[in-house]
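A short reminder: the numbers here are calculations on the coordinates, not readings from a lab. None of the values given here were measured: they were computed from a predicted structure. Backbone-built Cβ (ideal geometry, glycine too); neighbour counts: all protein chains shown.
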Amino acid sequence: MPAHLHTGLSKAVLRHVIGAFPDLWSRRIGLYWPYKRDVSLFPLANRILAAGGTVALPVMAAKGTPLQFRAWKPGDPLASGACDIPYPRDGHTVLPDVVLAALVGFDGAAYRLGYGGGGYDRTLAASEPRPRAIGVGFELMRLPTIRPLPHDIPMDVIVTEAGVFRRA
């Protein structure tokens, strides 16, 4: 996808996230560090922090385990994790109320494909209470089915540049 198209579609996705979830900003929100050509959610971080919310980024502590989320704000020191994705070096562990997860693919039943580690599925399955799960990506990632496996957990909502799609 050309850079100018990615920028325009990303702005549309962010507008939908901001418009559809006015209750998010003062909560504990699990964001992700954008990898490859993911939609960057960093514009949301300052909005969340200004509203008194907490921003947390995922950390894969060990392969095959649920993700941990650590509190983060711009300027905090970072360490480099799997695939050289940064994570908060010193932030305290947070159980998010809402987790926004990047999409590599998704289907009409709100199942998502990620980068293959299963971290979000394990995290959602193990979290009590379970955070609200919002998948964030582009419409071109929509598939007829991802052929979910028994351990796959659907998102509660998918957001793309075309709108907000809630799971039935």
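General observations
- Size of charge dipole - segment 62-168 - debye, nearest 20, with Cβ of Lys, Arg +1 and Asp, Glu -1, no other charges: 140
- Fraction of alpha-carbon pairs over 21 Å apart in segment 3-166 - percent: 43
- Summary of the geometry: segment 25-59 and segment 142-168, compared by the centres of their Cα atoms, lie 20 Å apart.
- Restricting the trypsin sites (Lys or Arg not before Pro) of segment 1-42 to loop positions (DSSP other than H, G, I, E, B) with no more than 12 neighbouring Cβ atoms within 10 Å leaves LYS36.
- Anisotropy class of segment 1-79 from Cα gyration tensor, a/c 1.5 cut: oblate
- Counting only DSSP beta bridges whose two residues both lie in the chain, roughly 50 percent are antiparallel.
- Residue-averaged 222 nm ellipticity for the chain, from DSSP H runs of 4+ at -39500 (n - 2.57), nearest 500: -6500 deg cm²/dmol
- Exposed loop sites here are chymotrypsin sites (Phe, Trp or Tyr not before Pro) assigned a DSSP state other than H, G, I, E or B and surrounded by at most 15 other beta carbons within 10 Å; excluding them, the longest clear run of the chain is 36-114.
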